[in-house]
Each structure stands twice: as structure tokens, then as C-alpha cells.
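K.L.:
First the structure, which I've put down as C-alpha cells, then a few questions once you've had a look.
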Amino acid sequence: DGGITQSPKYLFRKEGQNVTLSCEQNLNHDAMYWYRQDPGQGLRLIYYSQIVNDFQKGDIAEGYSVSREKKESFPLTVTSAQKNPTAFYLCASSSLGAYNEQFFGPGTRLTVL
Amino acid sequence: EDQVTQSPEALRLQEGESSSLNCSYTVSGLRGLFWYRQDPGKGPEFLFTLYSAGEEKEKERLKATLTKKESFLHITAPKPEDSATYLCAVHGDSSYKLIFGSGTRLLVRP
């Protein structure tokens, strides 16, 4: 089955730690995205990548980093510089073409202890 | 600035009671409007894409329509399993990214 997987489903972080969220897709999509979702708010774009070895900052990139070494994978690192990292993180992918629908993974809930 | 506003924030319906959800948008050159369904603790599930005013799309009990300023998601004779948050998003000329609304939480009671 084609789709997007994210792991882990739940993640707990202590203050000052960096953590990495995994996102893998087998849809052969060129573009991949990371969003943050907070209660009662719309999804906010953190980073996106249209091609391997290239990525751009979204609206709330501070305190986050990404890499795109393979077409299928787009991991997100939440660094200790992110002041309020507790949120639901969603990865998405789409065909290359700015106006194509995006398909989402199941999400990772990150909690800072 | 591109913007999306969804209303109402929450909607409670009895099973079988039809209604509509609204998505108002301001965007520089609409290239696509997207509807998603999101269940608690899960990722959004793609429902529809609308590209131009007057376009309509249907899927089971859901029907999405589009005008130059807003989109409606009509739910006909809803069932409890239709309970979810429905998200609207737009793509405009000025940006590569999707702009999302805050969603409408729908609860259908048996």
C-alpha cells in the first residue's frame, strides 16, 4: 500500500534535548512538507522540500531543522532552541506542481516534560 | 495577505439533519481549494480539490461547492461516523504553500 508513515506516534522530550521525527513516503512524490498543529489553530508550515538536497523555510522554521537526502525521507529535528515544542506534528507529500493536493501522514505528538 | 476563515467553529447535528460548513477565503489568484477530514489524533484525510468558481464535487454524503469568495461543504443526512474536524485550505498565486483554516468540529449525534 502506498502512503506516508511517521514515527514515533508519541514522543516525550526533556528540556534541552534535540529530538528527530521520522517521515517516509512511498508515493513517489517529489515534494514533502512538515506542519505543526496546535489546538484550535490551523496547520502551520515549518519546512518544505521540492527536491532532494533542497529545502525551504516555512512560516515557523525557528528552532527546527530538516534534511532531504533521499526522495522518500524528510526527517524533522526539533532542537532545544524551539521554545514551545509541545504540539502535533504532521508530515505531508505531493506531486511536484504547486497546486496539487497534499497527502498527510498519521502524525507525531511531541510532549516536553 | 492570503487568509482562510471557517465557520462555524463547532457544529452539533442530529443524525439525518443536513447542514453546511463554510470556508471563506481571500487569496491572490486562487489556484486550488482543498477540503480535508481529520479525526482526533490522526492526520488529515484528503476529500476534494476545487479549482474554479461554479465547480462542485461529491463523495457519499458530502458535496463541496466553490464561489469566488467561499466554499461550502454540504453534508446530507449525516451519520455519527461523519463526526470529525473538517479543514479547508487554499493555494494562491503568491505562495507555494497551503493556507489552512482553523477547521469546523462536527459532532453528529445518533
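K.L.:
With +1 on each Lys and Arg Cβ and -1 on each Asp and Glu Cβ, and nothing else charged, work out how big the dipole of chain A is about its Cα centre, in Debye to the nearest 20.
P.N.:
380
K.L.:
What pairs in A:Lys9/A:Lys83; A:Lys83/B:Lys68; A:Lys70/B:Lys97; B:Lys42/B:Lys63; B:Lys57/B:Lys97; B:Lys42/B:Lys69 have C-alpha atoms more than 32 Å from each other?
P.N.:
Exceeds cut-off: A:Lys83/B:Lys68.
K.L.:
What is chain A's relative contact order, in percent, from Cα pairs under 8 angstrom and six or more apart in sequence?
P.N.:
This gives 35 percent for chain A.
K.L.:
Just how far, in whole angstrom, is the range B:1-26 from the range A:59-113 if you go by their alpha carbon centroids?
P.N.:
Taking the Cα centre of each part, the range A:59-113 and the range B:1-26 sit 27 Å apart.
K.L.:
So how far apart, in nm, are the two label points at A:Ile60 and A:Thr20 if each is 7 Å from Cα heading toward Cβ?
P.N.:
A separation of 2.3 nm, rounded to one decimal place.
K.L.:
Separate question: At what distance in nm do the modelled label points of B:His74 and A:Tyr10 sit from each other, each positioned 7 Å from its Cα along Cα→Cβ?
P.N.:
Each label point is offset 7 Å from its Cα along the Cβ direction, giving 4.3 nm.
K.L.:
A further question on this structure: What share of all Cα pairs of chain B, in percent, falls into each consecutive 5 Å distance bin?
P.N.:
2, 13, 25, 25, 19, 10, 4, 2, 0
Here, each number is a calculation from the coordinates, and none is a lab measurement. Since this is a predicted model, take the numbers as computed values, not measurements. With ideal geometry, Cβ positions are generated from the backbone for all residues, glycine too; neighbour counts draw on all protein chains shown.
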